[in-house]
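Here the structure comes first, spelled out in structure tokens, and everything after it is commentary.
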Amino acid sequence: MAHSSEFFESLAAIVEDEQLQGADRLGERVAKRLGHDWGGLRVYISQDRAYRDQEIYAAFSGDNYDALARKYRLTERNVRRIVARERERRRPKQFSLLPL
């Protein structure tokens, strides 16, 4: 199984190369080349969890853990952890007046 970094490097190179031929049917040309280079292979593309976690926190209303869990296909426990982690990340840092 190929990793997403290899796939995205290949995609970037193909797009850069195909852009030289102009924008007309660019997506079709890129798709054909990706199919030629990667066809038949399994490629793992990871989720952007930081973005997902920010979306969950923004949608959190205080009592909708279950709805968010269903929407994002997570357990309610995972949603609670994400909300707590995002809340902590956004909390202003306190500075100590005492030297460490």
From Ala23, Ala59, Ala12, which residue is small (Gly, Ala, Ser) and surrounded by 12 or more Cβ atoms within 10 Å (Cβ to Cβ)?
-> Ala59
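Can you go through Arg29, Arg73 and tell me which one is at pLDDT 90 or above and under 16 Å from the mean Cα position of the chain (by Cα)?
Only one candidate qualifies: Arg73.
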The lone exception for Asp24 - which of (1) part of a helix (DSSP H, G or I); (2) at pLDDT 90 or above it fails = (1)
Subset of the range 38-52 that is in contact (Cβ under 8 Å) with a residue 40 or more places away in the chain and hydrophobic (A, V, I, L, M, F, W, C) - its residue that is nearest to Val83 (Cα to Cα) = Ile45
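The values are calculated or read from the model by the stated rules, or taken from the named source; none is laboratory data. What you are looking at is a predicted structure, and each value in this text was computed from that prediction instead of being measured. Reconstructed Cβ throughout: ideal geometry from the backbone, glycine too, with neighbour counts over all protein chains shown.
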